[in-house]
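Visitor: Just dropping this structure here.
The values are calculated or read from the model by the stated rules, or taken from the named source; none is laboratory data. Quantities reported herein were computed from a predicted structural model and do not represent experimental measurements. Please note: Cβ atoms are built from the backbone with ideal geometry, for glycine as well, and neighbour counts cover all protein chains shown.
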Amino acid sequence: MKTLWRIKKYFADLIDTFPYLGLSYKIPFLYNLIAASDFPYFFSKQELSDIICAESLKKNSIVLDLACGTGEFSFWLANQQKDIHVIGIDSAESMLECAQKKAIEEKVENVSFFCQLIEKLTKDDIEQHIKEQKLEHDSLSMIVNCFGFSAMRNFEQGFNQALSILPEKSIFCIVDVYRKPSVINYICNFFYDNLLFGADSFRIVYLQMKQQMDQFELYEKKNVPDPLLIYSTITPYIAKGVKKAETMKGN
Ligand SMILES: C[S@@+](CC[C@H](N)C(=O)[O-])C[C@H]1O[C@@H](n2cnc3c(N)ncnc32)[C@H](O)[C@@H]1O
């Protein structure tokens with residue numbers, strides 16, 4: 001009975017995002033297989049912690065991990081700095097169920113999760129979650145998005161919505177990859193976007209967003225071989241910025 005219910009839920013998640021199937025993004029088992037082979041972390045853990053610098057965040061503050069999936073990045077962040085609380089948000093319940101299970105198994109106490117579309121995320125959602133979880137953490141010090149926007153149908157809308165929640169002078173951080181143009185990369189993008197994941201997976205997300213931040217410092221790595229498609233290359237990057245004092249309406 002439980003298996004039947006699970007299949008139904010996976011199916012609902014898939015239908016929900018059709019035609020942007022992002023198959024492996026909706027099935028925790030598949031995604032964990034990919035993540036276990038070190039994808040998506042093309043930056044070493046040391047580089048990640050140097051750039052993201054979680055220990056400089058305000059004590060007792062909250063970090064949102066958007067499109068958290070099975071929570072790998074949320075757990076990594078939460079373990080970096082024990083006095084922050086990481087809230088992972090994703091639209092796929094099946095992924096969150098897996099994240100929640102991991103949090104219990106690995107006894108990570110400063111993380112929690114809830115289900116919402118990033119494009120629809122509001123301050124009230126966060127406040128309600130804080131109440132439900134009885135968190136004493138108050139301000140929001142950082143929003144991170146690790147391989148989320150590139151998997152999102154309306155990533156610009158998602159970014160703007162998230163930015164509207166972030167207090168001024170707080171940090172926005174995107175960890176993702178894109179393909180630098182070349183014929184092979186172009187073909188691979190087509191393959192990914194239309195046939196394999198259908199998730200517009202390798203758009204240059206930060207370009208559309210960096211005008212909206214005071215500064216979006218960009219930490220790029222050299223092109224590295226694509227772990228899934230030989231002959232194509234991907235460029236991992238981290239874009240980190242501080243929210244402007246003025247909201248960017250009309251920007
Ligand atoms: C590649 S996975 C990234 C998972 C995780 N951030 C990590 O680093 O392991 C992309 C995730 O984005 C989620 N997602 C896609 N579109 C979304 C949306 N509009 N709102 C919330 N989550 C979304 C998917 O459900 C999936 O879990």
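Visitor: Of the residues GLU72, GLU97, GLU119, only one is among the acidic types (Asp, Glu), out of contact with any Lys or Arg (no Cβ under 6 Å at 6 or more places or on another chain), within 14 Å of the ligand (Cβ to nearest atom) and over 23 Å from ALA239 (Cα atoms); which?
Guide: Details: GLU72 fails: over 23 Å from ALA239 (Cα atoms); GLU119 fails: over 23 Å from ALA239 (Cα atoms).
The unique qualifying residue is GLU97.
Visitor: Here's a follow-up. Residue pairs, Cβ under 6 Å, 6 or more apart or interchain, first in the range 139-161 and within 11 Å of the ligand (Cβ to nearest atom), second at pLDDT 85 or above and in a strand (DSSP E or B). List them.
Guide: Partner pairs satisfying both residue conditions: VAL144/ASP65; VAL144/CYS173; ASN145/LEU66; ASN145/ILE174; CYS146/VAL175; PHE147/ASP176; GLY148/LEU66; SER150/ASP176.
Visitor: Exactly one of these conditions fails for ALA35: (1) under 18 Å from VAL177 (Cβ atoms); (2) hydrophobic (A, V, I, L, M, F, W, C); (3) at pLDDT 90 or above. Give me its number.
Guide: (3)
Visitor: Can you give me the number of residues within the range 169-212 that are within 21 Å of CYS68 (Cβ to Cβ) and either away from the ligand (no atom under 15 Å from the Cβ) or at pLDDT 80 or above (or both)?
Guide: Residues flagged as within 21 Å of CYS68 (Cβ to Cβ) and either away from the ligand (no atom under 15 Å from the Cβ) or at pLDDT 80 or above (or both) within the range 169-212 amount to 12.
Visitor: Restricting attention to the range 45-69, which residues are more than 15 Å from the ligand (Cβ to nearest atom) and either at positive phi or part of a loop (DSSP other than H, G, I, E, B) (or both)?
Guide: Result: CYS53, LEU57, LYS58, LYS59, ASN60, SER61.
Let's see how each residue does on (1) among the β-branched types (Val, Ile, Thr); (2) farther than 11 Å from ALA67 by Cα; (3) at pLDDT 95 or above:
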{"position": "ASN110", "(1), (2), (3)": "no, yes, yes"}
{"position": "PHE114", "(1), (2), (3)": "no, no, yes"}
{"position": "MET142", "(1), (2), (3)": "no, yes, yes"}
{"position": "ASN160", "(1), (2), (3)": "no, yes, no"}
{"position": "LEU163", "(1), (2), (3)": "no, yes, no"}
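Visitor: Against the definition (modelled with pLDDT under 90, over 23 Å from ARG203 (Cα atoms) and buried (at least 17 other Cβ atoms within 10 Å of the Cβ)), how does SER94 come out, yes or no?
Guide: yes
Visitor: For the range 75-94, name all the residues that are part of a strand (DSSP E or B) and within 12 Å of the ligand (Cβ to nearest atom).
Guide: Pass one, the range 75-94, residues part of a strand (DSSP E or B): 85-90.
Result: VAL86, GLY88, ILE89, ASP90.
Visitor: Tell me yes or no: at least one residue of the range 127-138 is in contact with a helix residue (DSSP H, G or I) (Cβ under 9 Å, 6 or more places away or on another chain) and within 12 Å of the ligand (Cβ to nearest atom).
Guide: No: zero hits.
Visitor: Hey, can you tell me all the residues within the range 127-163 that are within 21 Å of ILE84 (Cα to Cα) and polar (S, T, N, Q)? Walk me through how you get there before you give the answer.
Guide: Just the residues of the range 127-163 that are within 21 Å of ILE84 (Cα to Cα), to begin with: 127-146, 162-163.
Residues satisfying the conditions are GLN128, GLN133, SER139, SER141, ASN145.
Visitor: Right, next: In the range 43-59, what count of residues is obtained for those that are surrounded by fewer than 18 Cβ atoms within 10 Å (Cβ to Cβ), within 15 Å of ILE174 (Cα to Cα) and in contact with a strand residue (DSSP E or B) (Cβ under 7 Å, 6 or more places away or on another chain)? Walk me through how you get there before you give the answer.
Guide: Residues of the range 43-59 surrounded by fewer than 18 Cβ atoms within 10 Å (Cβ to Cβ): 44-47, 49-51, 53, 55-56, 58-59.
Narrowing further to those that are within 15 Å of ILE174 (Cα to Cα): 47, 49-51, 53.
Within this subset, residues satisfying the condition of being in contact with a strand residue (DSSP E or B) (Cβ under 7 Å, 6 or more places away or on another chain) are 51.
Residues in the range 43-59 being surrounded by fewer than 18 Cβ atoms within 10 Å (Cβ to Cβ), within 15 Å of ILE174 (Cα to Cα) and in contact with a strand residue (DSSP E or B) (Cβ under 7 Å, 6 or more places away or on another chain): 1 in total.
Visitor: I'd like the full set of residues that are surrounded by fewer than 24 Cβ atoms within 10 Å (Cβ to Cβ) and either more than 16 Å from CYS173 (Cα to Cα) or more than 16 Å from the chain's Cα centre (by Cα) (or both), limited to the range 76-90.
Guide: Correct list: ASN79, GLN80, GLN81, LYS82, ASP83, ILE84, HIS85.
Visitor: Return the pairs, sorted by first residue and then second, in which the second residue is within 10 Å of the ligand (Cβ to nearest atom), the first residue lies in the range 71-83 and is farther than 12 Å from LEU57 by Cα, the beta carbons are less than 6 Å apart, and the residues are 6+ apart or on different chains.
Guide: These pairs meet every condition: GLY71/GLY88; GLY71/ALA99; GLU72/ALA35; PHE73/ASP65; PHE73/CYS146; SER74/ASP65; SER74/CYS68; SER74/GLY88.
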